[in-house]
Structure formats: structure tokens, C-alpha cells
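S.K.: Please find one structure pasted underneath; my questions will follow.
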Amino acid sequence: TFGHNYVPGALSLSIFSVGFLIFSISHIPTNTLIMLKKTKLHFKIGLFTTIINVILNIILIPRIGMIGGAIGTSTALILLYLIYSYYTYKYLKLQILSRKLLNAFIASIPSLIILYLIKSYLTLNFINLTISFIIFGLFYVAFLLLLKSFDKEDLDFIKQIRNKAKNYPANKK
């Protein structure tokens with residue numbers, strides 16, 4: 001979208017986006033702990049994950065550059081979410097991390113790896129970006145199917161979409 005000058009940062013941004021996406025749902029367990037007046041615990045978790053982030057960045061950035069920074073920061077953000085979720089479950093038996101959410105994350109990893117492997121064969125333009133998006137989507141759905149991530153409601157929704165597509169007026173002769 002922004003031109004060839006931004007291409008080197010694309011993978012770093014993708015990695016960081018995954019970490020930040022998971023971190024963005026950590027507000028629920030974070031606010032739950034604050035509501036329970038566990039502010040000291042909140043501080044300790046924040047301090048611990050900040051130290052982990054700094055250590056990972058010190059180790060990874062010299063070795064693999066900005067991708068290492070993205071990996072280190074994303075790892076710390078995901079760790080932050082997991083720790084908050086653990087304590088929310090410990091105090092309230094409130095399970096924030098569902099199997100469906102975990103499967104969605106797990107399915108994204110091999111899909112991103114496949115996308116990374118084929119990116120060197122594509123030049124940056126709108127058509128190849130669209131093709132990459134479609135490839136990622138197909139592999140992502142395939143991995144979700146392999147992980148049996150779809151429940152009855154999801155399958156019913158997919159059937160409804162398929163039925164509407166079959167009955168769409170453009171498909172009638």
C-alpha cells in the first residue's frame with residue numbers, strides 16, 4: 001500500500017500485529033484483576049513482562065533485527081495475556097482463553113509461515129497482495145478444519161451462506 005520502502009517492515013508488522021491482537025483481549029482479565037483490587041499483582045505482572053520484553057529484545061534484535069524486536073515484543077504481550085488469564089481463572093474461575101480462540105491462533109502460525117515462504121516469489125502489487133490474502137485465508141481455514149475449530153453454530157452459519165449463494169438470482173438461469 002505504501003510502496004517498496006515499507007516492504008522490509010511488513011513481516012515485523014505482521015508478527016507484532018498478532019501479538020498486539022492477543023494483547024488487545026487482555027483488557028478483560030486485566031480489568032477483572034483491578035476490580036478485585038489486585039493492583040500489586042497487576043504491577044508485578046506488568047513489571048515481569050516488561051523485563052521479559054527487554055531481555056528478549058536485547059537477545060533477538062542484534063541477531064535478526066526488527067523481526068527479532070517484533071518477536072520479542074509479541075512474545076511479551078502474549079505472555080502478559082496468559083498470566084492475566086491465569087490469575088483471572090485462579091480468583092474467579094473465569095476462563096478467558098477458550099479452545100476456539102487458541103485454535104484460531106494456532107492455525108494462524110503455519111498460515112503465516114506459508115505466506116512468508118511464498119512472499120519471495122511475488123512482487124509487491126495489488127494483485128499479488130490479493131493472491132497472498134486468498135492463499136492465507138485458504139490455509140487458515142484448512143488448519144481450522146484440521147483442528148476441528150468449528151462448532152455447530154459455525155457450521156450452520158456456513159451452510160446458510162452456501163444456501164444463499166446457491167439461491168442468489170445471478171446463479172439462476
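The values are calculated or read from the model by the stated rules, or taken from the named source; none is laboratory data. Predicted model only: the values in this text are computed from it and were never measured. Here Cβ is always computed from backbone atoms with ideal geometry, including for glycine, and neighbour counts include all displayed protein chains. With ligands, DNA and RNA removed, areas are computed over all heavy atoms of the protein, side chains included. Shrake-Rupley method; radii C 1.70, N 1.55, O 1.52, S 1.80 Å.
S.K.: So, with a 1.4 angstrom probe, what is the percent of accessible area on region 1-157 that is carbon and sulfur?
M.R.: In region 1-157, the share of accessible area belonging to carbon and sulfur is 74 percent.
S.K.: Just read off the accessible area of HIS42 with the full protein assembly in place, 1.4 Å probe, to the nearest 10 Å².
M.R.: Number for this one is 60 Å².
S.K.: Quick one: what are the phi-derived ³J(HN,Hα) couplings along region 64-81, Karplus 6.51/-1.76/1.60 with θ = phi - 60°, whole Hz, x for glycine and proline?
M.R.: Here the 3J(HN,Hα) series is 10, x, 5, 5, x, x, 5, 5, x, 5, 5, 4, 5, 5, 5, 4, 4, 4 Hz.
S.K.: Related question: Output the relative contact order of region 30-142, whole-number percent, from Cα pairs under 8 angstrom with separation of 6+ residues.
M.R.: 19 percent
S.K.: Taking 30 Å as the cut-off for C-alpha to C-alpha distance, list the pairs among LYS119/LYS148; LYS38/LYS152; LYS40/LYS148; LYS119/LYS159; LYS119/LYS166 that go past it.
M.R.: On the way: LYS119/LYS148 28 Å; LYS38/LYS152 38 Å; LYS40/LYS148 39 Å; LYS119/LYS159 33 Å; LYS119/LYS166 34 Å.
In this structure, LYS38/LYS152; LYS40/LYS148; LYS119/LYS159; LYS119/LYS166 exceed 30 Å between Cα atoms.
S.K.: If you plug each phi of region 150-158 into the Karplus form 6.51 cos²θ - 1.76 cosθ + 1.60 with θ = phi - 60°, what whole-Hz ³J(HN,Hα) values come out, in order, with x for Gly and Pro?
M.R.: Result, ordered by residue: 8, 9, 4, 5, 5, 5, 4, 5, 4 Hz.
S.K.: Quick check for you: with a 1.4 Å probe and neighbouring chains kept, what is the accessible area per residue of the chain, in Å²? It would help to have the intermediate numbers written out before the result.
M.R.: Working: 12450 Å² over 173 residues.
For the chain, the solvent-accessible area averages 72 Å² per residue.
S.K.: Report, in deg cm²/dmol and to the nearest 500, the calculated mean residue ellipticity at 222 nm for the chain, where each DSSP H run with n ≥ 4 adds -39500 (n - 2.57) and the sum is divided by the residue count.
M.R.: Mean residue ellipticity, 222 nm, calculated: -27500 deg cm²/dmol.
S.K.: Give the whole-number value, in cubic angstrom per residue, of the convex hull volume spanned by the C-alpha atoms of the chain.
M.R.: Working: hull volume 29.9 nm³, N = 173.
Normalising the Cα hull of the chain by residue number yields 173 Å³.
S.K.: Cβ under 15 Å from PHE143's Cβ, PHE143 left aside: what net charge do those residues give with Lys, Arg +1 and Asp, Glu -1?
M.R.: That sum, taken over residues with Cβ under 15 Å, equals +2.
S.K.: Dipole of region 13-122, Cα-centred, from +1 at each Lys and Arg C-beta and -1 at each Asp and Glu C-beta, to the nearest 20 debye?
M.R.: Here the size comes out at about 400 debye.
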